[in-house]
Structures are given as structure tokens and as C-alpha cells.
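Structure, as C-alpha cells:
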Amino acid sequence: MGLPEVKQTATEARLASLVMLDAGCTRAARENALARVLEMGLPGRRDEYWKYTRPDTLISPEAPRAALFRSDESLMFHNLDRLKIVFVDGVFSPDESDDLALEGVTIDRIEDICCKDIHWGKELYGVLEARGQTPVQRPLAALNTAFAGDGVAIHVTGKPSKPISLIYRHESETSDAMLHHIVRVESGAEVTILENGPAASRFNKCMEIDIADGGKLHHVRAQGRDHERRAATHMFTRLGRESVYKSFTLTVNGVLTRNEQVIELTGDDAIAHVAGACVGDGDFHHDDTVFVTHDAVNCESRQVFKKVLRNGATGVFQGKILVKEGAQKTDGYQISQSLLLDDDSQFLAKPELEIYADDVACSHGSTSGAIDETALFYLRSRGVPFKDATNMLTLAFLAEAVDEIEDEALAKAMVDRLEGWLARRS
Amino acid sequence: MLEIKDLHVKLEEEEKQILKGVDLTVEAGKVHAIMGPNGSGKSTLSYVLSGRDGYEVTEGTATLDGENLLEMEPEERAAAGVFLAFQYPVEIPGVGNMTFLRTAVNAQRKARGEEELSAADFLKLVRAKAKSLKIDADMLKRPVNVGFSGGEKKRNEILQMAMLEPKMCILDETDSGLDVDAMKLVAEGVNALRDEGRGFLVITHYQRLLDHIKPDVVHIMADGRIVKTGGPDLALEVENNGYADILAEVN
């Protein structure tokens, strides 16, 4: 069956602007991914999964120009001891990066593993992405697998003493970057991965994470403040028995962001928590799309997403919990909430549950509302000025999502950013 | 200190007149009680004085030490010295009680051109005041009023009052939802704040709170007006005979 003509044309136009790396051990995976792209076609505005977010500018042959943004804010995580891996407009920058050697972890560049015929990454590159294409297609992730120009392969075998920090700098107004990272956390190993920065004018990022039995991965991300940047990101995570995955994303600004989390709990007693806080002003569109599959017994999943929107900003949440037959004792929780600071902003939510096991506890909730007038009056009646009171209530609203971050220093870094955003807009 | 003259108030959204000419003066150092049946306008009076949205003043004035309260924002009234102890204290998840108190205290100090309290000084002060109200450290750490019992919420109101040291304290049915022991504790907290520079307006349905907070003057409010004013005995009269007799006598 062929694709609709519009989709076919758009897909061909995009592919014409891309060149596949001449890649040793990832070659087969890339060719397979390209075949998937050709079969699915790139997302179009008529696709159900893209109903609330227009993909046009994410698939156009050239990235729309995005002005560089300079801030006097201190750099994210600046006072934190971490192993820095820097990409500038999607290209690894050895000069700005630390030595990639760290006990308990082996880090290679994707470009290096491409030259090898044997590498552990061969078993992972494109594999979770391909699994994540059903039941819902994610063509931008397949496009990434096929054409990613850079990225890292992180093999965690112990408990590294500091977080691995991926820093994405944006230096060119026309940059169009694709990064693909793969992470394998071995049994009993534990790591924290940080990501921050706007990355490029248009950024397509894919991360595949495979966590073996008893492994733990903490992920904290702050997407850069550049107002005009666009991003489509995918995180595919597979969890083994008694493993833990906890991810938090902060988004402050950005004209278009689509963050997809595709999580598969395949071992009993695994835990996956994904959370996000975003604050948007004006020409801002932010989409969290989450798909959690429970395919083992006694697993826990949690989705907590909060959005503060003003001056016509748009927030989207599509979240699904799929409980497969036999995934008994599943504990699934999902909440998505927006705080609309004016009448022009909007929040579109599509929470879904699909359950084929009979002994599970799943709940979902979605709300959208303004600042609580009674609480606002209460604070003001104690002398707290209107703006401060509004800011306090806004931060309080976001707190439930930020509280998902276990590490206090990281949580504080997120709160500092949010306070900065509020202060700039007061 | 607090002077209310011919105050007429209606609901903003409807044509319903609630206050129909309230005249009331509370002098510094005095405790005035307002009693009255449900729907007489007592709570509306407290909200209008503290600046809650939703009410429209159609006539009359309300001043505190000569300053026009009705033109001020709620936070300006607070800085000028008005404090309302809420009948239903608001739960605010995500805002720590301590953070809230410190922000409020320092915002008021700032508005008055005073130096802000340091974290250490604030902590010392709040601990001392909390102790006398039997508020433990855990309550201070929790989000504002979240999961507090009725009694804890009211004690928390009095703690805020003690920390903010307002000139004019308005207590809106502070006794509602309290058992006898909790009421005593709250009343002790209020009495500890009585001094010659501070005025109190205590709104209540029942005389029993006034056993513990002895008023200097008692007003009876009905249908948006103060219909009778007297000494503490007036409260006893209400307790014994209900409002019907007084209202019949006034009409």
C-alpha cells in the first residue's frame, strides 16, 4: 500500500536533504530504519497522533531559522561535579568535553562504533526504536536512527561517581541536528544522565535505554531557553526485573517541542517514573507524548506532567498506559495538569488507559484551570504582593512534578530556573 | 482606629445588597464583638474590610487611622495593619507554612520601609510563638493548612496574627469547628495579643467564645445593619433569649 501523495512528497523531500553515515556496525540498523521511514512516511497534520501538534516544521527539508539566545543566567548544572560531553549544533566537541573515561562506565561516540564490526551497541542501536513503532508509529525516531550524525553509546557496568552530562549548545541559526544515544545499564549498575541546552535550531534526538535486572537510571533534562528552537525527542526505555527508570524534563521556552517517552516494563517489580514541568509564554507549543507498556507482574509506573501557560501558549499531553494480559498487580498512575494564566492559552490532553489484566490499579487525571482565587486572596491578605503571590502559587503548582526528582541539588537547579522564568515575566 | 461609616455593599455579580449602612468605630485597645443571625452580613463585612474580590461598595467609607482602606489592594491593607483570621483557612498545597509566613512577614516589613528579618531571627521568633500555641515543628514544615485539623487551622491563623502583629485584628467565626480545649487555646493566643495599640473585631454566632475573649463592646447585626450596641451583657442576652427578641424590639 502506498502512502498518500502529500505524505510521500513530503517524505521524499526531507530524505533528499539527508545523507546516511557510512556506518559499520550500525549500517544494517540504519538501512532498516530507512525502510521503516519509507513505509510509514513522515508525520502529517492529518495523522491522529499529531492531531494537536503540527509536524510541518519538524519534517521540512530545511530547519526554520532560530535566533541564538544569550542569557546572563549561570549555565545549567554549573556547580555540579559531572562528566561533560558537549555537542555544538549536534556535533561532538572534543575540546569542550571532558575525558570520557570514568570508572563504572564506558562511553564511545556513535561515530566510533560505526567503524567497528563488533560492539555491544549493535544489539541496541535502533532496536528499541523499532520495537516502539507498534502499536503507534513514530517516524521521526526512525528517521533519527537512519540519519543521526552523532551521539554516544554509554555502557554502565558499575556506579559512576558522578553524573554524565550531555550538553547541547546552539551556535548556528540554521542548524539541523540529529543525535542518537544508546545506554545500556547492566544488572545492579546505576547512573544519572543529565541533558541540557537548546541543541540546534531544529533538534531531533533519540535515546534508547536498556536497563537490565536491578539497574537504575536517573535522567534529568532541561531544554534550552532559545525562544525559536524546535525539538522532537524520543526516549525508548526497556526495563528488566526490579530495575528503576526515573526521568524529569524541564522546558522553559522553545517555539515547538515534542517529547515522546516510550517505556516498556518487561521484568517483574520494575519502576518507571516520568515527569515534566514546562512553562511557556506566547508563541510556545509543548507536547508531552508518553506511552507506557506494562508487560510484567507487579510493576509501577507514574506520569506527572505540569504545564504553566500564558499569552496564548499551547500545551499538549498524550499519555497512555497499556497493561498487557498477565501484567497483574500493575500500579499505573498518570496526572497531567495545566495552569492557564490567561484566557488565550490552551491545554489539550488525551489521557488513555488500555487494560487486559484484571488485577491492576490504574488511575489517570487531567485538569486545566486558572490560579485559585481564594488561595491568592489568602496570600495577599497576609501582605504578600499580587505578583509574588501568583508566583508562589505557580511554583506550588509545579512542585508536584519537580518533587519527582530525587536528588535535591538537581531539584533545586530546576526550581531556580522556574523562579528565573517567573521573575523575568513579573 | 477603625472607622466605618454608612457602609453599603452589594455583590459585584448580582443586584443583591448585603450591607445596608453599617456604622462602627473600633478604638485602639478595645475588643468589639459582632453577633448576629446567619445571613446578616457579618462575614461580608470582614471580607470587604480585608479587600476580597466580588463585592462592590456603593456608599460609605472605611478607614484605618484615617487611611481609606477601600482604595487599597489586600496586601496594602495588610501592610497598613488589617488582619483577617479566616472562618475557613485556605489549604495551599506546595507552599510550605514557614516559607509562607516568612514571605508575608518580610513583605509587610518591606512595604512599611522596615528591614527584613533574617532567616535566623525569623526562625527564633516563629518557634517561640508557635510553642505558645502548641504548634509543633512538623506543622510549620507542612504545606499551608494541608492536612491540618480544624483546630490546627485556627491555631495557624492565630500564629500568623502573632507573627504579623497587625493593628486591627478581625476574627471571622474563629470558634467555628473548635472543641472547648481548642477554643481556649485560640482564645489565649488572642488574649496574649491584646494591648492598647491594637483593636479587635470578633465576629461570632455564639456567646461562648466571648467567655474566653472578653469584649468591651457587643454589636448585634441584622439584615446588613448594626441594630443594637451594648456591653458584654448583650451577648449573654442573646445566649439566653436568641436573636428574635432583640430583632423584634428593634423593629
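Computed from the coordinates by the stated procedures, all read-outs in this text should not be read as laboratory data. Values in this document were obtained by computation on a predicted structure and should not be read as measured data. Cβ sites come from the backbone with ideal geometry, for glycine too, and all protein chains shown count toward neighbours.
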(Q) Just to verify a number: FRET efficiency for A:Ala423 and B:Asn241, C-beta to C-beta distance, R0 = 51 Å, to 0.05? (A) 0.30
Q: Mind running the shape call on chain B? Use the C-alpha gyration tensor, a ≥ b ≥ c as the square roots of the eigenvalues: rounded below 1.5 for a/c, prolate if a/b tops b/c, oblate otherwise.
A: prolate
Q.
Taking the Cα centre as origin and putting +1 on Lys and Arg beta-carbons and -1 on Asp and Glu beta-carbons, what dipole magnitude results for region B:2-130, to the nearest 20 debye?
A. 740 debye
Q | Flagged links, alpha-carbon separation over 28 Å, of A:Lys307/B:Lys16; B:Lys42/B:Lys153; A:Lys205/A:Lys387; A:Lys307/A:Lys412 | A | A:Lys307/B:Lys16; A:Lys205/A:Lys387
Q: Assign one of three labels to region A:1-81, namely rounded, prolate or oblate, based on the Cα gyration tensor with a ≥ b ≥ c the square roots of its eigenvalues; rounded applies when a/c is under 1.5, prolate when it is not and a/b is larger than b/c, and oblate otherwise.
A: oblate
Q.
Students often check this: by mean Cβ neighbours within 10 Å, which of A:84-95, A:343-354, A:377-388 ranks highest, and how do the rest follow?
A. A:377-388, A:84-95, A:343-354
(Q) As an exercise, use a Förster radius of 35 Å and the Cβ-Cβ distance of A:Ile371 and A:Asn298 to find the FRET efficiency, rounded to the nearest 0.05. (A) 0.35
Q) Mind listing which chymotrypsin sites (Phe, Trp or Tyr not before Pro) in region B:84-172 are in a DSSP loop and have 13 or fewer other Cβ atoms within 10 Å? A) none
Q: Quote the charge dipole size of region A:145-257 about the Cα centre in Debye, to the nearest 20; the model charges only the Cβ of Lys and Arg (+1) and of Asp and Glu (-1).
A: 260 debye
Q. When the label point is put 7 Å from the Cα of A:Cys115 along its Cα-to-beta-carbon vector, which residues of region A:179-213 have a backbone N closer than 20 Å?
A. A:180-182
(Q) Show me, for region A:249-261, the HN-Hα J-couplings you get by feeding each phi into the Karplus relation (A = 6.51, B = -1.76, C = 1.60, θ = phi - 60°), rounded to Hz, glycine and proline as x. (A) 10, 10, 10, 10, 6, x, 6, 8, 9, 10, 10, 10, 10
Q) Relative to the longest principal axis of chain A, what angle (0 to 90°, nearest 10) does the C-alpha long axis of helix A:408-425 take? A) 60 degrees
Q) What is the spin-label model distance, in nm, from B:Asp53 to A:Ser93 if the labels are put 7 Å beyond Cα along the C-beta direction? A) 4.6 nm
Q.
With n ≥ 4 as the cut-off for DSSP H runs, can you work out [θ] at 222 nm for chain A, using -39500 (n - 2.57) per run divided by the number of residues, rounded to the nearest 500?
A. -6500 deg cm²/dmol
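Quick check on region B:49-185: take the gyration tensor over C-alpha atoms, sort the square-rooted eigenvalues as a ≥ b ≥ c, and tell me if it's rounded (a/c under 1.5), prolate or oblate.
oblate
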Q.
Is there a quick way to get the dipole size of region A:96-166? I mean about its Cα centre, with the Cβ of Lys and Arg at +1 and of Asp and Glu at -1; what is the value in debye to the nearest 20?
A. 400 debye
Q. Taking the alpha-carbon centroid of each part, what is the distance from region A:367-426 to region B:57-91 in angstrom?
A. 25 Å
Q. Remind me, relative contact order of region A:5-424 in percent, using alpha carbon pairs under 8 angstrom and six or more residues apart?
A. 11 percent
Q: Please give the FRET efficiency for A:Glu73 paired with B:Ala28, using the beta carbon to beta carbon distance and R0 = 45 Å, rounded to the nearest 0.05.
A: 0.40
Q.
Multiplying the sequence separation of B:Lys5 and B:Asp181 by 0.36 nm and subtracting their Cα-Cα distance, what value in nm do you get?
A. 59.6 nm
Q) For a label point 7 angstrom out from the Cα of A:Ala16 toward its Cβ, which stretches of region A:27-68 have the backbone nitrogen within less than 11 Å? A) A:61
Q: Determine the shielding of peptide B:83-91 by partner chains: average, over its residues, the number of Cβ atoms on other chains within 10 angstrom of each Cβ.
A: 3
Q. Cα-Cα pairs above 42 Å in chain A: how many percent?
A. 9 percent
Q | Whichever aspartates and glutamates have a C-alpha closer than 13 Å to that of A:Lys329, once near sequence neighbours (fewer than 8 apart) are set aside | A | A:Asp268, A:Asp269, A:Asp295, A:Glu300, A:Asp358, A:Asp359
Q) Peptide B:102-111: average number of partner chain Cβ atoms within 10 Å per residue? A) 4
Q | Test item: A:385-396 mean partner chain Cβ contacts at 10 Å | A | 4
Q: Could you tell me which helices of chain B pass both thresholds, a Cα extent of 15 Å or more along their own axis and a mean Kyte-Doolittle hydropathy of at least -1.0, with helices taken as whole DSSP H runs?
A: B:97-111, B:119-132, B:150-164, B:180-193
Q | Length gained when the stretch A:Phe386-A:Lys329 is fully extended (0.36 nm per residue, less Cα-Cα span) | A | 15.9 nm
Q: Could you sort out which of B:Lys30/B:Lys131; B:Lys110/B:Lys154; A:Lys159/A:Lys216; A:Lys246/A:Lys324 sit more than 18 Å apart by Cα distance in this structure?
A: B:Lys30/B:Lys131; B:Lys110/B:Lys154; A:Lys246/A:Lys324
Q | Cα convex hull volume per residue for region B:1-125 (Å³) | A | 141 Å³
